[in-house]
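Following: one structure in structure tokens, then a few remarks.
The values are calculated or read from the model by the stated rules, or taken from the named source; none is laboratory data. The structure presented is a predicted model; accordingly, all values stated were derived computationally and were not measured. When we count neighbours, we look across all protein chains shown, and the Cβ atoms used for this are built from the backbone with ideal geometry, even at glycine. All accessible areas refer to the heavy atoms of the entire protein, side chains included, with ligands and DNA or RNA removed. Shrake-Rupley method; radii C 1.70, N 1.55, O 1.52, S 1.80 Å.
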Amino acid sequence: MFVLFVLFPLVSAFDYSIILEEKSPINQPIYHFPYSYELLTNFQSNFNLTNNNRDLILTKTIDRDAWCAQNICSCDHCSFLLELFSNDNKTVPIFSSINITITDLNDHACQFLDIQTNISLSESIQIGHRFPIARAIDADSGINGQLSFKLLENEDYFELNIINLSVNEYAIYGILKHALDRELKEKYNLLIEAVDHGLKQVRSSRMNVTVWILDENDNAPKFNQTEYSIQSLPEDTQVGTQLLTISATDIDKGLNSLIHYSIVQPPDISSFPFAIDSSTGVVSLRSPLDYETVRSYRFLIRASDSGLPQSLYTDTWLSISIADVNDCPVEITFIPNRRFQYENQTIFIYENTEIKNLTIGYIRLFDQDSIPTKLSVSLMTLDSKLQQEYELIPSSQINSYILIAKKGIYDREIQREVHLRFVATDTLLTSISDLKIRLLDLNDNPSEFPSNPMKFSIEELANYHMVEHPTENSQIVLGYLNATDPDEGENAMNRYELEPNSYVKIDSNTGRLTLIQPLDREQISRIQLKAKAINIAEPKWETEVQVEIEVLDINDNIPQCLSPMQQISVEENSSTTNSLVQINATDADLGVNGTINYSIRLNSSWPFEINSKTGEIYSRQIFDYESNWKTFFIIVDLEDEGFPIKNQNKNACQLIVNIEDINDNSPQLTDDSQTRIFLDLQRSPFLNEIILFNATDLDSGDNGKVKYSLLDNDSNSLFRLY
């Protein structure tokens with residue numbers, strides 16, 4: 001969202017002022033404020049606040065003359081502003097400024113520069129000829145930097161010509177007063193004294209130069225004007241632009257009149273923005289200008305001829321003033337509400353802080369350009385889903401605003417950070433400053449388990465040979481009660497508790513569940529316990545959870561016969577459709593571990609077979625008692641389907657099958673000839689036996705006993721059978 005505010009003009013008023021002498025002592029109060037302030041700007045990092053931020057002190061010694069030389073402040077009037085901010089008013093901040101003027105101290109004597117220690121003059125040079133000797137400068141300002149010069153030797157032949165280059169800088173020339181004759185005197189010593197005009201203390205310096213009398217190159221170049229200047233050069237002038245042409249002439253001939261141009265000792269050649277063509281005298285821009293850094297330049301241009309044995313030269317001043325253009329974007333300063341921590345463009349606010357026109361901080365706009373402009377600022381939110389509404393409200397001070405949260409909630413678990421952007425403009429240039437609101441966590445959420453119940457599983461350990469009192473290394477980890485908390489840091493840390501039991505224990509710090517004794521699924525198949533996670537930080541939220549531990553089966557049990565020895569009787573001629581008997585066995589394991597396969601061991605000629613799944617035994621053929629086998633001994637092997645297969649061929653059931661006889665055979669005469677009997681009637685009556693029948697029956701017992709009878713047995717029968 002965007003919020004655009006009414007534009008206000010920038011003003012330059014200040015609330016306090018102080019005049020301070022350079023090199024004043026440091027760490028001593030220089031001004032006492034009625035409020036507690038903070039420094040928004042600190043000129044050259046020279047100031048600080050003490051005594052509850054009410055006393056302004058110097059932290060570094062101020063050298064006004066050095067600042068003047070570096071164009072940090074004006075040599076004529078060195079003053080600057082410090083921007084201040086006070087929150088004593090608890091409701092709205094107070095923005096103030098103090099104007100500090102630095103006065104000069106007469107702490108410098110004259111300094112001679114570009115000294116021509118050995119000067120050569122032609123003996124035919126005309127009286128009144130002027131020649132350069134040196135430059136002189138006093139780094140002080142005002143009358144402390146004003147100098148007077150005096151020639152102390154050979155004043156009959158020479159006099160001084162002083163040109164005032166600036167308030168405290170001079171060009172020293174010598175003027176010939178008397179004709180020279182090299183044959184009479186070849187050398188003259190010139191002792192020059194410079195004295196400043198200081199009131200409290202006068203400082204002086206001397207220099208000595210030697211004038212040698214020659215016969216050549218007796219004219220120095222002359223400029224076509226005494227001083228050059230460029231007024232209001234725009235600071236955005238392109239590098240390489242030719243600014244003006246310096247021109248000088250020399251009335252000598254040949255090499256003595258060939259002129260070369262140069263800039264005399266710029267302050268810092270690496271950052272000095274101007275250059276001159278040595279042949280043409282064209283001055284051009286070699287690096288960008290910045291009005292906000294340096295507002296004017298004044299430097300010497302030298303024209304030198306190519307005369308031999310010594311070159312003659314003349315200097316002139318070039319002054320350039322820089323014109324400001326609107327090239328500085330608006331500076332956006334954010335001052336946080338003191339109740340909140342602030343660092344690196346980030347303000348820290350605790351979640352659940354009440355939002356009802358909550359003051360987040362203050363915005364101050366500043367434009368370094370000197371051109372009066374109207375400043376405005378708008379507010380943008382960079383988050384797609386924002387839980388709060390923000391607004392910038394103009395304060396009672398110009399170019400100052402209050403950032404408030406109008407309504408909404410601060411919930412770190414919903415939104416950890418809020419990203420705001422301030423966009424400021426001076427109608428031409430735009431600047432951006434971002435502010436991050438980071439929500440600090442409160443312990444306002446209990447922990448949560450991934451599920452309830454928390455389910456774990458472990459194989460039964462009856463055969464794992466855990467020691468009776470296991471060490472840490474022999475304990476088996478079931479898993480972790482990994483409760484999560486949407487809070488962060490210590491607020492999200494838990495300790496864990498588990499109800500007392502003899503099977504499982506818990507690490508209170510990590511929630512790790514470990515087995516403390518072997519388990520046998522055949523004795524206990526499921527363990528149900530109650531546990532809870534407890535926040536370490538207040539208010540120590542508790543979250544309960546049900547813990548279910550399923551004991552998984554392993555193949556640790558042997559199939560068992562319900563009847564190790566079983567005996568059955570089967571009638572001969574029984575049907576082969578039905579089973580003879582079912583072998584009953586059990587396995588205490590589960591699933592495939594408890595699924596039993598049956599097999600039989602017997603004589604390969606015996607007619608038995610078994611259903612491997614049900615244990616039912618069948619006969620492949622009908623039994624005949626009268627055959628050779630009447631009793632069978634069968635071994636039934638039991639084998640489960642688990643892995644590994646346990647005890648194959650070591651556990652078996654025994655079965656005895658007895659074949660019972662049934663009366664399935666008729667008596668048979670042993671002699672088929674007895675079926676016919678021939679009687680001799682001549683021999684009647686028959687009082688003795690006629691025939692003795694002999695019959696047999698293959699059946700056994702009573703079924704094999706034979707009884708004889710006549711089918712026709714009435715009283716009138718002729719026969720009788722015993």
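Structure data summary
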{"read-out": "Index of the failed condition, Glu193 passing every other in (1) surrounded by 13 or more Cβ atoms within 10 Å (Cβ to Cβ); (2) more than 18 Å from Ile162 (Cβ to Cβ); (3) not hydrophobic (A, V, I, L, M, F, W, C)", "value": "(2)"}
{"read-out": "Residue that is least open to solvent (accessible area, probe 1.4 Å), among those in the range 342-369 that are modelled with pLDDT under 90 and more than 20 Å from Pro93 (Cβ to Cβ)", "value": "Asp369"}
{"read-out": "Segments classed as strands (runs of 3 or more DSSP E), wholly inside the range 242-340, with at least 2 members that are under 27 Å from Ile72 (Cβ atoms) and within 51 Å of the chain's Cα centre (by Cα)", "value": "274-276, 282-285, 296-305, 313-323, 331-336"}
{"read-out": "Options Ala109, Ala139; residue that is at pLDDT below 90, out of contact with any Cys (no Cβ under 8 Å at 6 or more places or on another chain) and over 30 Å from Thr359 (Cβ atoms)", "value": "Ala109"}
{"read-out": "Unmet criterion (only one of (1) surrounded by 16 or more Cβ atoms within 10 Å (Cβ to Cβ); (2) on the phi < 0 side of the Ramachandran plot; (3) modelled with pLDDT under 90; (4) of a type outside the set (D, E, K, R)) for Tyr170", "value": "(3)"}
{"read-out": "Cross-chain or 6+ apart pairs with Cβ under 7 Å, the range 113-133 first and assigned by the TED database to the domain that holds Tyr170 and small (Gly, Ala, Ser), then crowded, with 18+ Cβ neighbours inside 10 Å and at pLDDT 90 or above", "value": "Gly128/Leu176"}
{"read-out": "Residue match in the range 483-501 (condition: at pLDDT below 90 and more than 34 Å from the chain's Cα centre (by Cα))", "value": "no"}
{"read-out": "Number of positions in the range 412-431 that are open to solvent by 50 Å² or more (accessible area, probe 1.4 Å), in contact (Cβ under 8 Å) with a residue 40 or more places away in the chain and assigned to a strand (DSSP E or B)", "value": "2"}
{"read-out": "Flag if Lys540 is closer than 15 Å to Leu478 by Cβ and touching a strand residue (DSSP E or B) at 6+ places or on another chain (Cβ under 9 Å)", "value": "no"}
{"read-out": "Whichever residue in the range 102-153 is in a strand (DSSP E or B) and out of contact with any Phe, Trp or Tyr (no Cβ under 9 Å at 6 or more places or on another chain) and, among such residues, is least open to solvent (accessible area, probe 1.4 Å)", "value": "Ser122"}
{"read-out": "Residue within the range 514-525 that is of a type in the set (Gly, Ala, Ser), modelled with pLDDT of 85 or more and open to solvent by 20 Å² or more (accessible area, probe 1.4 Å) present", "value": "yes"}
{"read-out": "Any hit, the range 574-585, residues being surrounded by 15 or more Cβ atoms within 10 Å (Cβ to Cβ) and over 27 Å from Tyr625 (Cα atoms)", "value": "yes"}
{"read-out": "Subset of the range 232-256 (residues that are open to solvent by less than 40 Å² (accessible area, probe 1.4 Å) and small (Gly, Ala, Ser))", "value": "Ala248"}
